[in-house]
Amino acid sequence: MSEVSPFSVRSVLSSSSENLIQPSCPPSSTGVIVNMAHHPDINFGNHVAPPNLQHQQHLLHHNSQQHLHAVGLHGRQWSHPSVPLVSHHSKSSLVSDVSRLSIDSHEEDVADLTPVELEVLISIRRRKQELLKEIEQLKDEISTITNEMTKLDAQDSGKMTCKQKQMTIGKKRFNMDPKKGLEFLFEQGLVKNTPEDVAAFLYKGEGLNKTAIGEFLGDKKDFNLQVLDAFVNLHDFGNLILVEALRRFLWSFRLPGEAQKIDRMMEKFAGRYCAQNAGVFSDNDTCYVLCFSIIMLNTALHNPSVKEKTTLEQFISMNRGINNGENLPRELLISLYESIKQEPFKIPEDDGNDLMHTFFNNDREGWLWKQGGRYKSWKRRWFILNDKCLYYFEYTTDKEPRGIIPLEDVQVRQLPDKIKPNGFELFSSRGPGEVIKACKTDADGRVIEGKHTCYRMYSATAEDRDAWIKAICTSISHNPYLDMLAARKRKTPLF
């Protein structure tokens, strides 16, 4: 039996599905062409191959099936099942192609592979390179889109900067003097001079001192009383038990100290609650009296200065006959008592009047995006520059800053646009790698020392960035002792 010449598997796969094997050159003239997809015999035109060639075909078919099993291609659905198997390359040229397609491969790594396996390996590595190029193109497109979105956000932030600044000033003035603060907001067109608009402004309450809200709502002037009506009507007490409704109401402001002001507020609350929960009480007066009883119970149970705590029976006895001469259901009074006993009313704290006074006449304030230390993500922070320090807050309403950067022995410079457009950074003037003196609060509220060698920020616009850089440069101070120490180090030899 004659020796069979080397061969390789050739098949053209569908371009839309499995693209593993692609012919790289035309068949050689010396290759053996075998079509074994549909025909049991090797055909030469209309003639049947001689028996010895039929036997060779049988051997080639058997060997090719073993190769297909070896590379995992046996049984696949080919796009063109009639394309013959062709031997194109010598094994040495295939090994050269494999090495060329992968800089990490070595000739000895593929020396034991058959020509069929080498062809498959070449196709896989070629496809891998194509996919890697496509991934890089997608990354570039995503980066471009992200930068465009950032610019659009920055433009929107820049448009709102002036309005936000005026609103912040108005809120600070309200916290110090509600009447003057509202007058400023009216003049700037930020709040309409109507009871409904003022009530909505107070109800939202962002950045407002809740003691100031309570004092304004408790005033007996006609306009204030109209605002109080509108303010109470913004609350939804439907389907709430009385104690939960009262919790919500008392959290939206701080009760003033005067009894007459408290009386007016609780009367409005009782009317709103009864209107939204018809049938719970016989009239508004029952709800009004019970509200005062609940507030007194809260004080008796949770005020440390009260030695004798009110018992359940005493609380029930206190409220006998208040329901238009009838007693309230015992189950209702028990539930109210247990609710207050387990969870006292949360009295809203003042929103930091001292802080408002401290930063009222600052050098500069506004939103900046700051890069984190451990995780290099960018987060939006409210920055205030005052008294040669840079303070940053998570929100404008925060009582305490998240971090403080004393502007001592630091320098500021603009960041290249490829790092971050409209960016700038603070770095130590004592040299590269030197830690900037600063502090921040951790997740538990503890003050810890910062370990930054630089602080990077960026603003909404180039104009805003330049204004921040100029203001920071003006506020930077230098420690003369450190300057002398650095000069002495430069003069002192190392050995």
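The figures follow:
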{"item": "Selection within the stretch 406-425 - more than 15 Å from TRP378 (Cβ to Cβ), open to solvent by less than 30 Å² (accessible area, probe 1.4 Å) and touching a Cys at 6+ places or on another chain (Cβ under 8 Å)", "result": "LEU407, VAL412"}
{"item": "Breaking point among (1) in contact with a helix residue (DSSP H, G or I) (Cβ under 8 Å, 6 or more places away or on another chain); (2) modelled with pLDDT of 90 or more; (3) open to solvent by 90 Å² or more (accessible area, probe 1.4 Å), for ARG173", "result": "(2)"}
{"item": "Hey, MET167 of a type in the set (A, V, I, L, M, F, W, C) and open to solvent by less than 90 Å² (accessible area, probe 1.4 Å) or not", "result": "yes"}
{"item": "Of all residues making up the stretch 303-315, the number that are assigned to a helix (DSSP H, G or I) and within 50 Å of the chain's Cα centre (by Cα)", "result": "2"}
{"item": "Tally of residues being open to solvent by 50 Å² or more (accessible area, probe 1.4 Å), outside any helix (DSSP H, G or I) and either within 22 Å of LYS221 (Cα to Cα) or touching a strand residue (DSSP E or B) at 6+ places or on another chain (Cβ under 8 Å) (or both) across the stretch 256-302", "result": "3"}
{"item": "Pairs, first closer than 19 Å to VAL289 by Cα and β-branched (Val, Ile, Thr) in the stretch 300-321, second modelled with pLDDT of 90 or more and part of a helix (DSSP H, G or I), C-beta under 7 Å, six or more apart", "result": "THR310/LEU297; THR310/LEU301; ILE316/ARG330; ILE316/LEU333"}
{"item": "Of residues in the stretch 313-328 being open to solvent by less than 40 Å² (accessible area, probe 1.4 Å) and at pLDDT 90 or above, the one nearest to ASP285 (Cα to Cα)", "result": "ILE322"}
{"item": "Sole exception among (1) assigned to a loop (DSSP other than H, G, I, E, B); (2) within 18 Å of PRO348 (Cα to Cα) for PHE231, by number", "result": "(1)"}
{"item": "Subset tally (residues that are modelled with pLDDT under 55 and open to solvent by 70 Å² or more (accessible area, probe 1.4 Å)) for the stretch 452-484", "result": "4"}
{"item": "Within the stretch 359-405, considering residues that are closer than 15 Å to VAL447 by Cβ and of a type in the set (Lys, Arg), the one least open to solvent (accessible area, probe 1.4 Å)", "result": "ARG402"}
{"item": "Unique residue being under 30 Å from LEU332 (Cα atoms) and aromatic (Phe, Trp, Tyr) when the list is PHE237, PHE186", "result": "PHE237"}
{"item": "Of all residues making up the stretch 296-321, the number that are within 19 Å of GLU331 (Cα to Cα) and not aromatic (Phe, Trp, Tyr)", "result": "13"}
{"item": "GLY189, sole failed condition from (1) open to solvent by 20 Å² or more (accessible area, probe 1.4 Å); (2) of a type outside the set (Asp, Glu); (3) modelled with pLDDT of 90 or more; (4) not in a loop (DSSP other than H, G, I, E, B)", "result": "(4)"}
{"item": "Residue check, PHE223 farther than 30 Å from LYS418 by Cα, out of contact with any Asp or Glu (no Cβ under 9 Å at 6 or more places or on another chain), among the aromatic types (Phe, Trp, Tyr) and surrounded by 17 or more Cβ atoms within 10 Å (Cβ to Cβ)", "result": "no"}
{"item": "Scan of the stretch 108-126 for residues that are open to solvent by 100 Å² or more (accessible area, probe 1.4 Å) and either touching a residue at least 40 places away in the same chain (Cβ under 8 Å) or not in a helix (DSSP H, G or I) (or both), ordered by number", "result": "ASP112"}
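Residues checked against (1) over 42 Å from the mean Cα position of the chain (by Cα); (2) at pLDDT below 90:
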{"position": "LYS221", "(1), (2)": "yes, no"}
{"position": "LEU228", "(1), (2)": "no, no"}
{"position": "VAL243", "(1), (2)": "no, no"}
{"position": "PRO256", "(1), (2)": "no, yes"}
{"position": "ILE262", "(1), (2)": "no, yes"}
{"position": "GLU267", "(1), (2)": "yes, no"}
{"position": "ALA275", "(1), (2)": "no, no"}
{"position": "LEU290", "(1), (2)": "yes, no"}
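One line per residue, one yes/no per condition, for (1) open to solvent by 20 Å² or more (accessible area, probe 1.4 Å); (2) farther than 30 Å from THR461 by Cα; (3) more than 32 Å from the chain's Cα centre (by Cα); (4) free of Cβ contacts under 8 Å to residues at least 60 places away in the same chain:
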site: LYS128; (1), (2), (3), (4): yes, yes, yes, yes
site: LEU131; (1), (2), (3), (4): yes, yes, no, yes
site: THR150; (1), (2), (3), (4): yes, no, no, no
site: THR194; (1), (2), (3), (4): yes, yes, yes, yes
site: LYS210; (1), (2), (3), (4): yes, yes, no, no
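The values are calculated or read from the model by the stated rules, or taken from the named source; none is laboratory data. Please read these numbers as outputs of a predicted model, since none were measured by experiment. Here the Cβ is made from the backbone with ideal geometry for all residues, glycine too, and neighbour counts use every protein chain on show. Each accessible area value is taken on the protein alone, full model and side chains, heavy atoms only, with ligands, DNA and RNA left out. Shrake-Rupley method; radii C 1.70, N 1.55, O 1.52, S 1.80 Å.
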